[in-house]
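Written below as structure tokens is the structure these notes are about.
The values are calculated or read from the model by the stated rules, or taken from the named source; none is laboratory data. Remember, it's a predicted structure, so these values are computed and weren't measured experimentally. Glycine also receives a Cβ, built like all others from the backbone with ideal geometry; neighbour counts cover every protein chain displayed.
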Amino acid sequence: MRSLIDIVDFSLEEVEELIQVACDIDAHPEKYAEACKGKKLATLFFEPSTRTRLSFEAAMYELGGNVIGFSEAGSSSASKGESVADTAKVISCYADIIAMRHPLEGAPLVASRNATVPVINAGDGGHLHPTQTLTDLLTIHREKGRIDNLTVGFCGDLKYGRTVHSLISALSRYQNVKIVLISPKELAIPDYVKSDVMDLNGMCYEEIESLEKALPELDILYMTRIQRERFDDLETYERLKDSYILTAEKMRDAKADMCILHPLPRVNEISVEIDSDPRACYFRQVLNGKLIRMALILKLLAEKDREEDRDEGEELSSFVCKNPRCITSTEQELNQKFRSVELKERVYRCIYCEKDAVHKEEI
Ligand code: ASP
């Protein structure tokens, strides 16, 4: 069953297709108003959320579907000790698709391995947040008209900011994207993102502490809040929480067409006076989040339907597959199975290689 746990679970072409579908939904919402009629999305949120959960729910309603779920761990059986694996198995009996947020890293992956319906990672601890990344990519595409050839600055909590980790991973697949990592040393990007994503893909990047110094060269500034809930000691949080505050005065040094993105919620890292600057894209980004989640739900449900529609075939004692290249020619424990196709006359095909089956009498 196809799920979305990490943004790289989708090819670049699939991401581009989602962006195109999201733009089409925006232009022709009426075409999609009943696309998910009779389907249910379960939103399993073990951690607080405003945008992600409500945008998933709004997305499903606008596709004509329904939503079930919970918005805090305390109201689920997790509080009685139920495992993520069991929860996933149970919810698969009620819903057609699951969106899960969890404070523990890897929880949605565990869910996807146990569910019989697609699972979407809606944020796992400080690890990944692929649907925010789809939102960010759609926003960059709409605001800049391209995702290649950009200098993208990430500012704030790059250690715990899961949206940053996922977006860098997505950007590594585009051409000529330069990354500028702006953070205090204590909140620097994790080493694994450097080695496994940026170094491995030959990305050009620099680390710097000063936002003022970095600002003039940026095409995109991706601001993030300092993630209070992930700190082991609040003293460190208190010391770092005001590390960066983007003001109108600082914006004078930015390019005239630089875009400011922020996954939100904002605490104090962007002063409110900037909201009216045309370069502030973060509220338009919110709308894009709903559109791309609509496109994502459509894609995963369509793939699920295709999988379910796949003819399981039947064992027919009078037919055999004689194709020497078919998997059944070497894996003897596989029972040969066939499906019938109505052409001028009925023919039987092997479900594995799709070649015509041979009637035993003809051998
Ligand atoms: N809403 C984003 C997230 O869930 C960003 C944040 O919380 O700072 O990761």
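Give the number of residues within the range 275-325 that are hydrophobic (A, V, I, L, M, F, W, C), crowded, with 17+ Cβ neighbours inside 10 Å and within 30 Å of Leu134 (Cβ to Cβ). Number satisfying all stated conditions: 12.
On inspection, Leu240 qualifies as more than 14 Å from the ligand (Cβ to nearest atom), within 27 Å of Ser49 (Cβ to Cβ) and either assigned by TED's automatic domain parsing to the domain that holds Val152 or under 29 Å from the mean Cα position of the chain (by Cα) (or both). Scanning the range 210-236 for residues that are of a type in the set (Phe, Trp, Tyr) and either assigned to a loop (DSSP other than H, G, I, E, B) or more than 27 Å from the chain's Cα centre (by Cα) (or both) turns up just one, Phe231. Of all residues in the range 40-58, those being within 16 Å of the ligand (Cβ to nearest atom) and crowded, with 19+ Cβ neighbours inside 10 Å number 11.
Out of curiosity, is Leu63 surrounded by 20 or more Cβ atoms within 10 Å (Cβ to Cβ) and within 16 Å of the ligand (Cβ to nearest atom)?
Details: surrounded by 20 or more Cβ atoms within 10 Å (Cβ to Cβ): yes; within 16 Å of the ligand (Cβ to nearest atom): no.
So Leu63 fails the test.
Among residues of the range 316-336 that are in the same structural domain as Cys350 (by TED's automatic domain parsing), those with a Cβ under 6 angstrom from a residue that is charged (D, E, K, R) and surrounded by 12 or more Cβ atoms within 10 Å (Cβ to Cβ), sequence gap 6+ or separate chain, pair up as Asn323/Lys355.
Which members of the range 1-40 meet the condition of being over 30 Å from Arg173 (Cα atoms) and hydrophobic (A, V, I, L, M, F, W, C)? Passing the criteria: Ala33, Ala35, Cys36.
From the list Arg339, Arg349, Arg266, pick out the single residue that is surrounded by 14 or more Cβ atoms within 10 Å (Cβ to Cβ), without any contact (Cβ under 8 Å) to a residue 24 or more places away in the chain and either touching a Ser or Thr at 6+ places or on another chain (Cβ under 9 Å) or not in a helix (DSSP H, G or I) (or both).
On the way: Arg339 fails: without any contact (Cβ under 8 Å) to a residue 24 or more places away in the chain; Arg266 fails: without any contact (Cβ under 8 Å) to a residue 24 or more places away in the chain.
The unique qualifying residue is Arg349.
What are the residues in the range 237-263 that are exposed (fewer than 15 other Cβ atoms within 10 Å of the Cβ) and closer than 14 Å to Phe154 by Cα, if any? The answer is Ile245, and nothing else.
Checking the structure you have, find out if any residue of the range 35-44 is β-branched (Val, Ile, Thr), more than 27 Å from Gly145 (Cα to Cα) and at pLDDT 95 or above. The answer is yes, given that some residue of the range 35-44 is β-branched (Val, Ile, Thr), more than 27 Å from Gly145 (Cα to Cα) and at pLDDT 95 or above.
Of the residues that make up the range 245-254, is at least one out of contact with any strand residue (DSSP E or B) (no Cβ under 6 Å at 6 or more places or on another chain) and either within 16 Å of the ligand (Cβ to nearest atom) or within 23 Å of Asp124 (Cβ to Cβ) (or both)? If you could, list the steps in order and put the result at the bottom.
Step one: of the range 245-254, the residues out of contact with any strand residue (DSSP E or B) (no Cβ under 6 Å at 6 or more places or on another chain) are 245, 247-254.
Now restrict to residues that are either within 16 Å of the ligand (Cβ to nearest atom) or within 23 Å of Asp124 (Cβ to Cβ) (or both): 245.
Scanning the range 245-254 turns up at least one residue that is out of contact with any strand residue (DSSP E or B) (no Cβ under 6 Å at 6 or more places or on another chain) and either within 16 Å of the ligand (Cβ to nearest atom) or within 23 Å of Asp124 (Cβ to Cβ) (or both).
In the range 1-115, counting only strands (runs of 3 or more DSSP E) that sit wholly within it, the ones holding 3 or more residues that are of a type outside the set (A, V, I, L, M) span 40-45, 66-70. Filtered by the rule that a residue be assigned to a strand (DSSP E or B) and away from the ligand (no atom under 16 Å from the Cβ), the range 132-181 gives Leu150, Thr151, Val152, Gly153, Val177, Lys178, Ile179, Val180, Leu181.
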